[in-house]
Amino acid sequence: MKSFVRASMLMGIAALVVASVAPLIAQETLGLQQPGEPSGGRQGRGRGGRGGNRPPAGPTPRLPENPLLGVNSGKPDFGGKGMWQVPYIIDMQKQGRTPEGGAVEVPFTAVAKKIFDERTETHSKDDPEGFCLPPGVPRMMYTPYPTQIYQMADRILFIYEGGAHIWRLIWMDGRQHPKDPNPTYLGDAIGHWEGDTLVVDTVGFNDRTWLDAAGHPHGEKLHVIERFTRTDSNTLQVAATIEDPDYYTKPWTVVTTATWAPGQELLEYICQENNRDLQHLVGK
């Protein structure tokens, strides 16, 4: 019952606050780090206060130099005993920032702007996540549910509490994308290190997801490049670059921040088909 209530609350909130209170929720309630704000400044304000009493930020932890860790040997450790608490990003344009710390401008094509305006007008009534479909990429890092990351010799595993415990494999073994990938919700992801930044390149998406709860659209040509940088022990900076020539006139980048919740574990999350609470979505 608890899991059902949590899922129902998520859908209701997403529909209600898209236009007005999203920035307030993310910045004040859920701890979205703002440009110039010290990391860890809003400790323990993640979902349900599960951030706990986070210790002061220290140096970025690193994995040991060990051949068994392959390409991750000696690199920043994104895991450990805890989880990453992400802020609830409803509108990536309004709540994110550019790599330089400025406001995000979305370079819509005419088609994309029409779709986005329609979704805004109907208050995201047809949001696929409300029907228990996977949130997709980069939206998986924008839900109010935490994430755990595991680094292995040839891959990195992301486990998300939301989306019914979706997991995502980032292959680090030097492979390339398939020439004709089968479109999926999470796409085909390959990664590499650029210094201490994990770069994840993903293609092969279907067109059944939204980039965020506000309804920024995409098609099957979507190409997402994510850059994950653990800037200190408490902070994970996530920069997502969006490319889709059918929906955007040029690539655009949104930067958000996740905070470390030490000692915390993922909880059960269930999103079931035939959701009985859909009638409470306020969209038109």
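The values are calculated or read from the model by the stated rules, or taken from the named source; none is laboratory data. Just so it is clear, the model here is predicted, and its values are computed rather than measured. All Cβ positions, even for glycine, are placed from backbone atoms using ideal geometry, and neighbour counts span all protein chains on display.
When you look at I115, is it closer than 22 Å to H223 by Cβ, of a type outside the set (D, E) and under 14 Å from the mean Cα position of the chain (by Cα), yes or no? Judged against the criteria, I115 is not a match. Of all residues in region 97-112 being surrounded by 14 or more Cβ atoms within 10 Å (Cβ to Cβ) and closer than 14 Å to G215 by Cα, which is nearest to the chain's Cα centre (by Cα)? The selected residue is V106. Scanning region 198-214 for residues that are of a type outside the set (F, W, Y), buried (at least 17 other Cβ atoms within 10 Å of the Cβ) and in contact (Cβ under 8 Å) with a residue 24 or more places away in the chain gives L198, V199, V200, D201, T202, V203, G204, T209, L211, D212, A213, A214. Name the single residue that is nearest to V111 (Cα to Cα) among those in region 222-240 being more than 12 Å from the chain's Cα centre (by Cα) and of a type in the set (S, T, N, Q). Among residues in region 222-240 that are more than 12 Å from the chain's Cα centre (by Cα) and of a type in the set (S, T, N, Q), the one nearest to V111 (Cα to Cα) is T229.
Within region 136-143, identify whether any single residue is among the basic types (K, R), under 20 Å from F158 (Cβ atoms) and in contact with a helix residue (DSSP H, G or I) (Cβ under 9 Å, 6 or more places away or on another chain), and answer yes or no.
Checking region 136-143: at least one residue is among the basic types (K, R), under 20 Å from F158 (Cβ atoms) and in contact with a helix residue (DSSP H, G or I) (Cβ under 9 Å, 6 or more places away or on another chain).
Scanning region 55-84 for residues that are acidic (D, E) and touching a residue at least 12 places away in the same chain (Cβ under 8 Å) yields a single hit, D77. Going by the conditions given, is P134 under 13 Å from A213 (Cβ atoms), part of a loop (DSSP other than H, G, I, E, B) and under 14 Å from the mean Cα position of the chain (by Cα)? The answer is no for P134.
Within region 156-165, the set of residues being touching a strand residue (DSSP E or B) at 6+ places or on another chain (Cβ under 8 Å) and surrounded by fewer than 18 Cβ atoms within 10 Å (Cβ to Cβ) comprises L157, I159, H165.
Please go through region 118-131 and give me each residue that is under 22 Å from the mean Cα position of the chain (by Cα) and either closer than 23 Å to E243 by Cα or among the charged types (D, E, K, R) (or both), ordered by number.
R119, T120, S124, K125, D126, D127, P128, E129
The residues listed here are V254, V282; of these, the one that is in contact with a helix residue (DSSP H, G or I) (Cβ under 9 Å, 6 or more places away or on another chain) and either modelled with pLDDT of 95 or more or within 20 Å of H192 (Cα to Cα) (or both) is V254.
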